[in-house]
Amino acid sequence: MVLKSWFRSSAKGEASKPEEQGPTIEDLIVLERYDEAEARLKAELKEDPDDLHAHLKLAEVYTGLARGADAADQYLFVAEEYAKDGFYDKGIALLSKAMKLSPADEGLRHKHYAFERAKGLDHKRQAALEGVRQSRHAGGATGTRLLQVQRAWHHLAPTPLVARLSPDGLRRLFAAGEVVRWPAGSVVARRGEAEPAALAVVLAGALEAVIGKAGGGETTVRAFGAGDVLGETVLFSRAPWPATYRVSEEASALQLDRAGLEHSLAGNPDPVSYLDGLRSDGHDAEIYRIVGRLEAPR
């Protein structure tokens, strides 16, 4: 008796629901009552402009009304919200829908390319962080190192180093390198010396390359900031440092010595591209040229 009573009341509630509440927005779309669905959705969005589900339903309504450009705008809005949270695949899928509805919109095409690029960079960022987690330099400061690399990523992302290294290459670099801190005023390397025989990727802070003047004092040859690479000729060509490198603002860097380089090359499926990526900045060669011009007889 209890079960029958429960089913009876449930059935009664289901039967009376459409009469009490009327058709849902989904019902209106199925019935192709698009004008009514549009009005309902706009009312919902007035109350909550960030309701992504409502925006997607409105895109569906506009598609039914053959208003492709309006539907594309709704898909674009949701795609951008997904991208802000790192859901690039979802955003790209929605942009593909928008592009089919509004094929002449070049802005959508550019946005699609930007999302694809952002997705690739995010993949590389995750690979770099995975490298930090796998670092051969064991210790209890993994969390600190991860935070340093995470904070530095927006400086690293647009650099030639990141552009030329694959996600696997970045993972290998950050797994083999050591995150170091340099206090302001410290000397990282001295001109003419071969040590430290290491390449460094600046993560934060600032350095300057200086040479002494004949009559005393110093000349600043170049300044370095986050994202810059220095020491590539010292590591790869065993050349001496072309200038003295001093920390002008407390800095942190990813330092790769010869042992780390060998570690990163072990089992590397594409060592040539990896090494080319590490050399790509060419700052040491630039400093050698500048110093040569400064010291040339007049």
With respect to Pro167, determine if the residue is in contact (Cβ under 8 Å) with a residue 24 or more places away in the chain and either open to solvent by 50 Å² or more (accessible area, probe 1.4 Å) or among the acidic types (Asp, Glu) (or both).
no
Condition first: farther than 16 Å from Val202 by Cβ, more than 23 Å from the chain's Cα centre (by Cα) and among the hydrophobic types (A, V, I, L, M, F, W, C). Now tell me which residues in region 246-298 satisfy that.
Ala259, Leu261, Leu265, Ala266, Val272, Ala285, Ile290, Val291, Leu294, Ala296
Regarding Arg293, is this residue basic (Lys, Arg), open to solvent by 60 Å² or more (accessible area, probe 1.4 Å), part of a helix (DSSP H, G or I) and closer than 20 Å to Ala194 by Cα?
no
Among helices (runs of 4 or more DSSP H) entirely inside region 23-127, those with 2 or more residues being hydrophobic (A, V, I, L, M, F, W, C), free of Cβ contacts under 8 Å to residues at least 40 places away in the same chain and open to solvent by 30 Å² or more (accessible area, probe 1.4 Å) are 34-47, 52-64, 68-84, 88-101
In region 172-208, the residues that are more than 19 Å from Pro242 (Cβ to Cβ) and among the charged types (D, E, K, R):
Arg172, Glu178, Arg181
Taking region 247-265 on its own, how many of its residues are open to solvent by 20 Å² or more (accessible area, probe 1.4 Å) and either out of contact with any helix residue (DSSP H, G or I) (no Cβ under 9 Å at 6 or more places or on another chain) or acidic (Asp, Glu) (or both)?
6
Going through region 260-288 one residue at a time, which ones are free of Cβ contacts under 8 Å to residues at least 60 places away in the same chain and under 28 Å from Ala184 (Cβ atoms)?
Gly282, Asp284, Ala285, Tyr288
Selected residue (only one of Arg181, Arg222, Arg191, Arg171 is in a loop (DSSP other than H, G, I, E, B) and of a type in the set (D, E, K, R)):
Arg191
Among the residues listed as Ala204, Ala200, the single one being open to solvent by 40 Å² or more (accessible area, probe 1.4 Å), among the hydrophobic types (A, V, I, L, M, F, W, C) and either within 16 Å of Arg258 (Cα to Cα) or not in a helix (DSSP H, G or I) (or both)
Ala204
Just wondering, is there one or more residues in region 238-246 that are farther than 27 Å from Gln148 by Cα, in contact with a Ser or Thr (Cβ under 6 Å, 6 or more places away or on another chain) and at pLDDT 90 or above?
yes
Quick one: count up the residues across region 170-190 that are in contact with a Pro (Cβ under 7 Å, 6 or more places away or on another chain) and open to solvent by 40 Å² or more (accessible area, probe 1.4 Å).
0
Exactly one condition in (1) modelled with pLDDT under 95; (2) of a type outside the set (Gly, Ala, Ser); (3) surrounded by fewer than 17 Cβ atoms within 10 Å (Cβ to Cβ) is false for Asp281; which is it?
(3)
Quick check, is Val234 without any contact (Cβ under 8 Å) to a residue 60 or more places away in the chain, in a helix (DSSP H, G or I), surrounded by fewer than 14 Cβ atoms within 10 Å (Cβ to Cβ) and hydrophobic (A, V, I, L, M, F, W, C)?
no
So Ala152 ticks every box in (1) closer than 21 Å to Gly205 by Cα; (2) open to solvent by 10 Å² or more (accessible area, probe 1.4 Å) but one. Which box is left unticked?
(2)
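The values are calculated or read from the model by the stated rules, or taken from the named source; none is laboratory data. Just so it is clear, the model here is predicted, and its values are computed rather than measured. Glycine also receives a Cβ, built like all others from the backbone with ideal geometry; neighbour counts cover every protein chain displayed. The protein model used for the area step is the full one, side chains on, heavy atoms only, and it has no ligands, DNA or RNA in it. Shrake-Rupley method; radii C 1.70, N 1.55, O 1.52, S 1.80 Å.
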